[in-house]
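Take a look at the structure below.
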Amino acid sequence: RCLARRGLNTRPRRVTTRSHPPPPPAMSEQACVLAALILHDGEVEISADKIKAIVTAAGIEVESYWPTLFEKFLANQDIGDMLSNVGSGAGAAPAA
């Protein structure tokens, strides 16, 4: 009673830790796409380490496989050509 009168709480406090859920796959994918575009725009070689560095600097956590996946996918691709042909309907039959 004396502690309660003095404004001191005598009940034990609950300590809770909140873990942040992993980002949704779409967010991880978008972060890696934007990082790859930044590297391409800066005319820098696209690597998993550089993608991870940009994503980390942006404060985004991505699963470890995403940067590696993008590095492997973009290794033999011409990103400039990919950007030029967005929505061009690649694979359409030539006009006769």
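A few remarks follow.
- Filtered residues of the range 39-59 (kept if closer than 16 Å to residue 73 by Cα and assigned to a helix (DSSP H, G or I)): 39, 40, 48, 49, 50, 51, 52
- Residue list for the range 43-59, restricted to those being open to solvent by 50 Å² or more (accessible area, probe 1.4 Å), within 12 Å of the chain's Cα centre (by Cα), at negative phi and not hydroxyl-bearing (Ser, Thr, Tyr): 52, 53, 57, 58
- Exactly one residue among 86, 33 is modelled with pLDDT of 90 or more and either assigned to a helix (DSSP H, G or I) or open to solvent by 90 Å² or more (accessible area, probe 1.4 Å) (or both), and that residue is 33.
- Residue count for the range 60-76 satisfying the condition of being without any contact (Cβ under 8 Å) to a residue 24 or more places away in the chain and surrounded by 13 or more Cβ atoms within 10 Å (Cβ to Cβ): 1.
The values are calculated or read from the model by the stated rules, or taken from the named source; none is laboratory data. Quantities reported herein were computed from a predicted structural model and do not represent experimental measurements. FYI the Cβ positions are ideal-geometry reconstructions off the backbone, even for glycines, and counts take in every protein chain you see. Ligands, DNA and RNA are stripped out before the accessible areas are found, and what is left, the full protein with its side chains, is counted by its heavy atoms. Shrake-Rupley method; radii C 1.70, N 1.55, O 1.52, S 1.80 Å.
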